[in-house]
Amino acid sequence: MKQKTMTVQSVRRLNHTMAEMKLSGLGDAVIHPGTFVNIQIPGYFLRRPISVCAADGDILTLVFRIVGKGTEYLSAMHAGETLDVLTELGNGYDMKKAGDRPLLIGGGAGIPPMYALAERLLKEEKRVTVILGFNGKDEMFYTEEFERLGAKVIVTTVDGSAGIRGFVTDALPSDCTYFYACGPAPMEKALYRLLDIPGEFSLEERMGCGFGACMGCSMETRNGPRRICRDGPVFAKEELLWED
Amino acid sequence: MGRLSTELCGIPLENPVIPASGTFGFGYEFAEYYDINRLGSLSFKGTTLNPRFGNPTPRIAECTGGMLNAVGLQNPGARAVLEEELPKLKKVFSKPIMANVSGFSVSDYVETVRILEAEKQIGWYEINISCPNVHGGGMSFGTDPSAAFEVISSVRQVTDRPVIAKLSPNVTDIVSIARACEKAGADGISLINTLLGMRIDLRTRKPILANTTGGLSGPAVFPVALRMVYQVHKAVRIPIVGMGGISTAEDVIEMMMAGASAVEVGAANLIDPYASLRIIEDLPRVMERYGIEKLSDIIGVTEQEKM
């Protein structure tokens, strides 16, 4: 964990629910795909944990859903304003396990962490397939960004307004070596049942501290109680107790 | 001894700042961020006789000026604390440790203390008779003077180390509980635990917390805590550890003026892992501003000033 004062470079709305924020000031922070940052927002007591979408030199990119007043505040910030940010939180994805043909699956607000992961895996010359699941065309974002990276991109929409009609589970390819998934709990649990390749899930929970002190985000696993913020947010499939 | 030094139940403290139980784990993880020997002491995660997972999630909700938690005493149990957690803490912390103990029956408390007695570095037992997030224990001992008396006097019989009773603010008369603890042989009183609260999610119309209710902490509770420390200080002769929303050096000084010999910092650690250290570093400058030479000079000074 490193505490940084970061400066807003840009904020833009990607659609009616998602926003993208670029911040400078990473300094010596090393950003690993699947980790998150925890942001102090003026006027609010608890920090807001947000997964890392991309990191390039000194610049951190966050893409987040505007769900409440805290994220609304972030989405209305201007270039030059500063934020107190705890970086390098959580474990991140285990990229060593990817194999030659990793499958990345993101659903809605769970898509952003897949971007940094795809970027890194493509640099390692893996054949990366990305499934991006949305409710409808009006909620789509970042599909072109993923294509520009050079990943094979499959889009699904629940209402059929773009890509394959249905859920990410309706578009699963059969020739992948390992999966990484992040999205709403029903999506992750469906993937847990359907995928027969090994892989890992990124989880979400209301957090107190975000660095393991308060036990606010604990979960029972096959290896006993684990803190989603500190022992996760990424957990291997076999650690999870999602049978029922 | 320095300007920040104080004393708690006969044990000297280099400074009065102690991270509060439940906001600092077993301490060693914070040693990755700074030298935790800079702290006065630390109160470790509430320990029960048997391992506990605690309550279902969500366990955390936010509110103006603070937060609600309903963790429900998640801990690995007394034996694992003694054999696995404390050895890790002792590698990075060399001062007397405050052992926070909770239970669901008098014998739970007694047995837990008996197990922890094997650890020589424990300086104090902080007996939590005030957890609002578990049923059939915890707070039920701290809301009735005779039940509080029974727990504290029973623990008193199995250790020679100082016993500090941690009180709940969710009572009509905090003074009667504090007096019962003093009479039972407590060497000190710590207060306040969290205030029982609740939030509702407007979209689902359901409570945000899976436990429905949770304990309120953070700056919002500071005036309540201060008032209770002040009232208890007037009523008992044993030292007081004041806590509840402390987040600045000014808050520490105010709490000590109300009657606290030492303080605990809780929720502030969760939003800033460096909070306890920052408060210690700020103290000399703030003491200067208010003409305080030694912190030990101001304990309970407000009551004397009034007379």
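Counting only DSSP H runs of at least 4 residues, each contributing -39500 (n - 2.57), and dividing by the residue count of the protein assembly as shown, the helix-based mean residue ellipticity at 222 nm comes to -6500 deg cm²/dmol.
Computed from backbone phi, the HN-Hα couplings of the stretch A:133-138 come to x, 10, 6, x, 4, 5 Hz, rounded to whole numbers (Karplus: 6.51 cos²θ - 1.76 cosθ + 1.60, θ = phi - 60°; Gly and Pro given as x).
Packing, as the average of other Cβ atoms within 10 Å across residues, places the peptides B:143-150, B:154-161, B:199-206 in the order B:143-150, B:154-161, B:199-206, highest first.
Only bridges with both residues in chain A count here: give the DSSP antiparallel percent, nearest 5.
Details: 37 of 59 bridges.
Expressed as a percentage, antiparallel bridges in chain A total about 65.
Centroid-to-centroid, using Cα positions, the stretch A:11-70 and the stretch B:56-114 are 32 Å apart. Counted over chain A with a bin width of 5 Å, the fraction of Cα pairs per bin, in whole percents, is 1, 7, 14, 18, 20, 18, 13, 7, 2, 0.
Run the dipole for the protein assembly as shown about the Cα centre, Lys and Arg Cβ at +1, Asp and Glu Cβ at -1, nothing else charged, and hand back the magnitude in debye, nearest 20.
On the way: 57 positive and 65 negative charges, 81 e Å.
The dipole magnitude comes to about 380 debye.
Ordering B:Q121, B:S140, B:A78 by the projection of their Cα atoms onto the charge dipole of the stretch B:52-142, which places +1 on the Cβ of Lys and Arg and -1 on the Cβ of Asp and Glu, puts B:Q121 at the extreme positive end.
When only Cα pairs below 8 angstrom with a gap of at least 6 residues are kept, the stretch A:183-244 shows a relative contact order of 34 percent.
If we count every other residue with Cβ under 12 angstrom of B:E150's Cβ, Lys/Arg +1 and Asp/Glu -1, where does the sum land? Walk me through the intermediate numbers first.
Numbers: positive: B:R156, B:K183; negative: B:D144.
Result for the neighbourhood of B:E150: +1.
For B:A260, the residues whose amide H sits under 5 Å from its own are B:G300, ignoring neighbours fewer than 5 places away on the same chain, with H placed 1.01 Å from N. Toward the positive end of the charge dipole of chain A, with +1 on the Cβ of Lys and Arg and -1 on the Cβ of Asp and Glu, the farthest Cα among A:Y44, A:I228, A:L203 is that of A:Y44. Sorted from greatest to least, the principal axis extents spanned by the alpha carbons of the stretch A:95-202 come out as 35, 31, 22 Å. Compute log10 of I(q)/I(0) for the protein assembly as shown with the Debye formula, placing one identical point scatterer on every Cα and leaving out solvent, at q = 0.10 Å⁻¹, to two decimals. After summing over all Cα pairs, the log10 values are -0.83.
Test of understanding: what is the full-extension gain from B:S5 to B:L202, defined as 0.36 nm times their sequence separation minus their Cα-Cα distance? Please report the intermediate quantities before stating the final value.
On the way: separation 197, 0.36 × 197 = 70.92 nm, distance 4.81 nm.
Extra length from B:S5 to B:L202 when fully extended: 66.1 nm.
Using 20 Å as the cut-off for backbone N distance, which residues of the stretch B:17-49 belong to the label zone defined by a point 7 Å from the Cα of B:E281 along Cα→Cβ? The answer is B:17-20, B:24, B:28-42, whose backbone nitrogens lie closer than 20 Å to the label point. Each DSSP beta bridge with both residues in chain B is either parallel or antiparallel, and the antiparallel ones are about 40%.
From Cα pairs below 8 angstrom and at least 6 apart in sequence, can you work out the relative contact order of chain A, rounded to a whole percent?
Working: 577 pairs, mean separation 43.7, N = 244.
Once divided by the residue count of chain A, the mean separation gives 18 percent.
Look at the alpha carbon pairs under 8 Å that are at least 6 residues apart: their mean separation over the length of chain B gives a relative contact order of 19 percent. Quick one: of the DSSP bridges fully inside the protein assembly as shown, what percent are antiparallel, nearest 5? Roughly 55 percent of the DSSP beta bridges within the protein assembly as shown come out antiparallel. Take each residue in A:201-214, count the other chain C-beta atoms within 10 Å of its C-beta, and the mean is 6.
Using Cβ contacts closer than 10 Å as the measure, can you line up B:H233, A:H32, A:H16 from fewest to most? Could the numbers behind the result be given before it?
Working: B:H233 24, A:H32 17, A:H16 8.
Arranged by neighbour count, lowest to highest, B:H233, A:H32, A:H16 become A:H16, A:H32, B:H233.
Dipole size of the stretch A:87-170 about its Cα centre, with +1 on Lys/Arg Cβ and -1 on Asp/Glu Cβ: approximately 320 debye, rounded to the nearest 20. Based on the Cβ-Cβ distance from A:E220 to B:E305, what FRET efficiency comes out when R0 is 60 Å, to the nearest 0.05? After rounding to 0.05, the efficiency reads 0.70.
Net length available on complete extension from A:E81 to A:Q40 is 13.5 nm, with 0.36 nm assigned per residue and the Cα-Cα distance removed. Taking a sphere under 14 Å around the Cβ of B:E117 and counting the other residues whose Cβ falls inside, with K and R at +1 and D and E at -1, yields a net charge of +1. Each of the peptides A:107-120, A:59-72 was scored by the mean count of other Cβ atoms within 10 Å over its residues; in descending order, highest first, they stand as A:107-120, A:59-72. The fewest-to-most ranking of A:S24, A:S10, B:S247 by surrounding Cβ atoms within 10 Å reads A:S10, A:S24, B:S247. Computing FRET efficiency as 1/(1 + (r/R0)^6) for A:N15 and A:R127, where r is the C-beta to C-beta distance and R0 is 22 Å, gives about 0.15. Per-residue shielding of B:53-63, expressed as the average number of other chain Cβ atoms within 10 Å of the residue Cβ, stands at 6. The modelled label-to-label distance between A:Q3 and B:Y34, using points 7 Å beyond Cα along the C-beta direction, is 0.7 nm. Peptide B:65-71 is shielded by partner chain Cβ atoms: per residue, an average of 3 of them sit within 10 Å of its Cβ. So what does log10 I(q)/I(0) come out to for the stretch A:3-77 at q = 0.28 Å⁻¹, using the Debye formula with one equal point on every Cα and no solvent? Evaluating at q = 0.28 Å⁻¹ gives log10 I(q)/I(0) of -1.57. The charge dipole of the stretch B:156-288, taken about its Cα centre with unit charges on the Cβ of Lys, Arg, Asp and Glu (plus for the first two, minus for the last two), comes to roughly 640 debye. Shape call for chain B from the C-alpha gyration tensor, a ≥ b ≥ c root eigenvalues: rounded (a/c under 1.5), prolate (a/b greater than b/c) or oblate? Since a/c stays below 1.5, the shape of chain B is classed as rounded.
All of the numbers you see were taken from the coordinates with simple rules; none came from a lab. Since the structure is predicted, the reported quantities are computational estimates derived from the model, not experimental observations. FYI the Cβ positions are ideal-geometry reconstructions off the backbone, even for glycines, and counts take in every protein chain you see.
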